[in-house]
Structure formats: structure tokens, C-alpha cells
1. Can you list residues from other chains, or at least 5 along the same chain, whose modelled amide H is less than 5 Å from the amide H of residue 66?
2. Which of these values of Rg and Dmax of the Cα atoms in Å was calculated from the structure shown: (1) 19.8, 63; (2) 14.7, 44; (3) 16.4, 53?
3. Once each part is reduced to its C-alpha centroid, what is the distance from segment 54-97 to segment 22-41 in angstrom?
4. Using Cα-Cα distances under 8 Å and only pairs 6 or more residues apart, what relative contact order does the chain have, in percent?
5. Under a point spin-label approximation (7 Å from Cα along Cα-to-Cβ), what is the residue 62-residue 144 distance to one decimal in nm?
6. Given a cut-off of under 8 Å on Cα pairs at least six residues apart, what relative contact order in percent is computed for segment 64-121?
7. Once whole DSSP H runs in the chain are found, which of them have Cα atoms spread over 15 Å or more along the helix axis and a mean Kyte-Doolittle score of at least -1.0?
8. Which sequence of 115, 43, 28, 73 reflects their accessible areas, 1.4 Å probe, from the largest down?
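The values are calculated or read from the model by the stated rules, or taken from the named source; none is laboratory data. Bear in mind that the values here come from a model prediction, so they are computed numbers and not experimental data. Positions of Cβ are generated from backbone atoms using ideal geometry, with glycine treated the same way; all protein chains shown enter the neighbour counts. Side chains included, ligands, DNA and RNA excluded: accessible areas come from the protein's heavy atoms. Shrake-Rupley method; radii C 1.70, N 1.55, O 1.52, S 1.80 Å.
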Amino acid sequence: MSMHHSMGLAGDRGFMTGYLDALALVERLHRLLLDVIKDEFERVGVLEINAVQALLLFNVGDNEVTAGELKTRGYYQGSNVSYNLKKLVETGYMHHERCEIDRRSVRVRLTEKGRGIRDVVATLFERHADGLVEKGVLGHEGLEDITSSLKRVERYWSDQIRYIY
């Protein structure tokens, strides 16, 4: 195998190293986000649900969706969606009902209690957004650059998955 082929079209090891660093950073940021939410919930005394469930409530917001739509709309990133939905319904954060048209499908929406959790997460995110700007960590332009770059990677990965099937 030639040296050029083993390095791929990226041209050098530096790009591959940077790519792997970026992947690790995305993963760490997601875990850190969950830790930040967990810490906030401990601070305000919400111990009944976990950070993944809280993020799910935040992402659903005022929408009414089916369990399947949670993933396709990007509201839920993890596994065990049915477990987390069941827990949120059991603890009174979500309401669910069978669809009239397709009885196999269940639609979910937040209860008043669930909207309260959504508001706690929204307030946390607003506080962080303000802090990022006030401390000069990230401005509008930097955020746009990060977001557009991540969207391009998302499209590339989505295309790779579609290409496989």
C-alpha cells in the first residue's frame, strides 16, 4: 500500500488527528451538557428524573409527537426511548394517548409538571448563552461558524448512512 493511499485524501496525519480530536470533543460536550443539567437539577431540588429525560422534555416543548418522531425530529439522541418515555409518563411529566387513526401509535406531550422542567432547562440555557457572550467565550459569528461546520458534518454522516443502505 502506498504512503499516499494510507493517508487518504485528507493529505496528512494532521487532519486525521484533528478530526479524531473533534469527534472526542463532540462526545465530551454531550456528556458535559448532561452533567450541567444534572447539577442544575440537584441545585433546584429536582431528583425524580435524569438529565437525558429533562433534555427530552425540553426538546419536545409544546409539540405533540409520536414516539417514533422523537428520534426523526432530533428531539432524542439516545437509546432506550421507550424506557424514558414510560418513566416520564409514570412520573407525570408527559401525557400519552393512542392515536385514533393508528392504534399502534402513541402520541406524547408535556404535562404542566413537564412544562415546569422544560422551563428550568430553558432558563439554564438562557443563563449559559448570556454568560458565553458576556465573558467573551463565544459571539454570534463564532457560533454561526461552529453551527454551520457541525451541520455540514451531520449532512456528510447522514449521506454515508443512506449510501450504505
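1. Here the answer is 108, since their amide H atoms fall under 5 Å of that of residue 66.
2. Label of the calculated value: (1).
3. When both Cα centres are located, 19 Å separates them.
4. On the way: 106 pairs, mean separation 29.5, N = 165.
Reported as a whole number, the value is 18 percent.
5. 2.7 nm
6. Working: 56 pairs, mean separation 20.7, N = 58.
Dividing the mean separation by the residue count of segment 64-121 yields 36 percent.
7. Details: long enough: 13-44 (46 Å, 0.18); 112-134 (33 Å, -0.39); 140-164 (36 Å, -0.93).
Answer set is 13-44, 112-134, 140-164.
8. Numbers: 115 70, 43 155, 28 135, 73 115 Å².
Highest to lowest solvent-accessible surface, that is 43, 28, 73, 115.
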